[in-house]
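Data first, discussion second: the structure below is written as structure tokens.
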Amino acid sequence: MDKREIIQKTEQYVRSLLENDASGHDWWHIDRVRRMGTTLAKKEGADEFIVEMAALLHDVADEKIAGNEEKGLSAVTSWLEQMPLSNDDKEHIIDIISSVSFKGGQGKKPHTIEGMVVQDADRLDAIGAIGIARTFMYAGSRGHLMHDPFLPYREKITKEEYRQGRSTAINHFYEKLLKLKEWMNTESAKQIALKRHEFMERFLYQFYQEWDEQYENVNG
Ligand code: ADP
Ligand code: NI
């Protein structure tokens, strides 16, 4: 089995796992992260094969899909065991996957350039127009409101609060999305993040303008 086949087989495996997923980790998110990862890997001189494998598998270990993180990581480990990879490569991929997740700000900093690239690619998919769309999808799936002017956003949140606490789509911008541009590991990702960040600011500006207009009309 050559590297291309390993990628193809892994792609099929991930597709079949995510087919019925409704938690916002649809296959197209994985595909975007893999493509962005490959682009960043070229610019940053990272190993494209490792980046692509880790990107494809990065959400298999997500607690929302696997039930909990350990179960997810062991699923990834057993998958990699079946592939003709060196132990170093397997360990590297597992190490990347266990560090990419955000978890309310408590994600670990990756140890290698390949890890940094995958984490950046995942975070880039959370911002900009697509990031905005994903945020409203997620909020809808959790039964959260899109906005509640009386629900303040949370300054500091634990991993549990990040997953379970009540939030709104708009609060999620302040709890996570607007912080991400500062959190990019690589220069290439920072440049892309800056543009996407500006777009989110314009979106919020317009959102509040429309929101406030309604109240001005009613009261005046
Ligand atoms: P990933 O595992 O891809 O890094 P998450 O599982 O944390 O991302 O979230 C999936 C998507 O839903 C992301 O775009 C994220 O920004 C968004 N999201 C996560 N938590 C919330 C929330 N409380 N409210 C709205 N959107 C959220
Ligand atoms: Ni992801």
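Values quoted throughout were computed directly from the atomic coordinates according to the rules given, and no laboratory measurement underlies them. This structure is a prediction, so every number in the text was calculated from the model and none was measured. Glycine also receives a Cβ, built like all others from the backbone with ideal geometry; neighbour counts cover every protein chain displayed.
What the table shows:
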read-out: Nearest 10 degrees, 0 to 90: helix 48-57 Cα axis against the chain principal axis; value: 60
read-out: When each of 42/179; 109/176; 90/176; 71/181 is checked by Cα-Cα distance, pairs over 20 Å; value: 42/179; 90/176; 71/181
read-out: Förster radius 25 Å - calculated FRET efficiency between residue 43 and residue 146 (Cβ-Cβ, nearest 0.05); value: 0.10
read-out: Once exposed loop GluC sites (Glu not before Pro) are cut out (DSSP; at most 10 other Cβ, 10 Å), longest piece of the chain; value: 20-154
read-out: Length-normalised contact order for the chain - Cα pairs under 8 Å, 6+ apart - percent; value: 18
read-out: Cα-derived Rg to Rh of the chain, Kirkwood definition; value: 1.01
read-out: Cα-based convex hull volume of region 127-213 per residue, rounded to whole Å³; value: 98
read-out: Estimated inter-spin distance, residue 87 and residue 130, nm [label 7 Å along Cα→Cβ]; value: 3.7
read-out: Rounded to 10°, Cα long-axis angle of helix 3-18 versus longest principal axis of the chain; value: 40
